[in-house]
Each structure stands twice: as C-alpha cells, then as structure tokens.
Amino acid sequence: MNIKEIVGDYNSFLDTIFELLRKGGFKESELKELPIDHICYRVSTNELYDEKKNQLNQLGELLVETEIGGRMISTYKLTNPIQYKDKSIPLIELPAPKKNRINYDGLEHIEMVINEPFQSFVDNHPIPTDENSKFNWVLHALKKDINPDVECEFIDPRVQHEIRTISVKFHHQSLEEVVKYEIQLLKEKENNQ
C-alpha cells in the first residue's frame, strides 16, 4: 500500500491549490520558498478514521493522537515523505469527523510555515474577501493559544463537492514542532497531578 492508495491523488489536489494561490495573487517565487509542513486528509465516519489510521501506521509513525475541538486528530510522520515537484511533505494530519457537521472524505488543506507577521502577510496578499468570491481570508484562528494561523480558503467545485472548501493555512511553527510542544505540556500536566 502506498500513500496515494490511502489519500488519493495528492498531485492533482496540490496542483489545484497552487493554481488557486497564483490566481489569488501569490507569486511563483514566493510559493517555491514556502515549505509545506503537512497535508490534511478528512474522513466522514469514525470507521473510516480507524481504517485510515491503520493504513497510515504502515507508512509512518504516529506522532500524536489527541482531542482537539471535540474530536480526535492523529498526526503521522511518513517514513517516505510525499514528494510534490520541489517540495517534500513529511506529515499527514488525519482528523476524525466533527459531530453534527457534514464531513467529506478527501484531502482538505495544506499548511505552510511563514516567517512574516500575520497581519503584514495578509496585507501583502490582498485576496478578495466578499461573499461571492472564490477566495477568502479566514482570520479566526489568530486567537488560538497554540499555533495561531491565517487561512486562505477556496471554493472550487472541481474538488470533491460543490459546497466543500479547500484551504491553505499559514503559521509560524511546523506541526511537528507543535506536536512536540503539546506532548511536553501533557507530560508536565501529568507530573503535576
């Protein structure tokens, strides 16, 4: 079994993401420089979550499975990172479905690490934010205590379903660094009990 058999055609997904970013005003040179720290695959059922976990266990190491937002999320470090053009993607994030929400199976987002302050990054990328746009900046995650981000959300009917969005989240720390920090916090909490 290989990663494409588990998550599908990541090349087409990433081609679509980068095409949409370029249409949204991102420069090719800039996109080449930004590392992709992980790709996210969502599932519609808990049974499929367990099935994908078992499959991913064959291709990498489970770094952490933790509850976030009322559902479990697993993060895997792949033995052989996903290769896309000149990029290497070492991690895959697998969230369980959220309750009382329509969930779709498939690749949903990537996350990239930036060194620029969030506000100046958004200001330097003036993507339209009106309701009729296919591009939107989503800023609510700026308030997160751990690993805040800004998200560029796209509505693209070529991907899975007409009402489904795909996105790129930009943050300052890689998911692997965040996982290490969260594990450290859990250990400290256990030691203090």
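Can you work out the FRET efficiency for the pair Ser120 and Asn54, with r the C-beta to C-beta distance and R0 = 41 Å, to the nearest 0.05?
Working from the Cβ atoms, E equals 0.45.
Given H placed 1.01 Å from N in the peptide plane, which residues other than close sequence neighbours of Glu111 have an amide H under 5 Å from its amide H?
Asp37, His38, Lys169
Considering amide H positions built from the backbone, and no H for Pro or chain starts, which residues 5 or more places from Asp105, or on another chain, come under 5 Å of its amide H?
Those qualifying (amide H under 5 Å, at least 5 residues apart or on another chain) are Ser44.
So if R0 is 30 Å, what FRET efficiency would Met72 and Ser12 give, r being the distance between their Cβ atoms, rounded to the nearest 0.05? Can you show the working numbers first?
Values: r = 28 Å, r/R0 = 0.93.
The computed FRET efficiency comes out at 0.60.
What does the charge add up to near Ser29, with Lys and Arg as +1, Asp and Glu as -1, over the other residues with Cβ less than 13 Å from its Cβ? If you can, show how the numbers build up before the last one.
On the way: positive: Arg22, Lys27, Lys32; negative: Glu28, Glu30, Glu33, Asp86.
Combined, the nearby Lys, Arg, Asp and Glu give -1.
With just the Cα atoms defining each centre, how far is the stretch 53-84 from the stretch 167-193? Give it in Å.
15 Å
To make sure I understand, if each residue's beta carbon is the centre and we count other beta carbons within 10 Å, what order do Tyr10, Tyr76, Tyr104 fall in, fewest to most?
The fewest-first ordering by Cβ neighbours comes to Tyr104, Tyr10, Tyr76.
With unit charges on the beta carbons (Lys and Arg positive, Asp and Glu negative) and the dipole taken about the Cα centre of the chain, which residue among Pro126, Ile6, Cys152 sits farthest to the positive side?
Ile6
Just so you know, all these numbers are worked out from the coordinates, no wet-lab data involved. The structure displayed is predicted, hence computed values, not measured ones. A quick note on method: Cβ atoms are made from the backbone with ideal geometry, for glycine too, and the neighbour counts reach across all protein chains shown.
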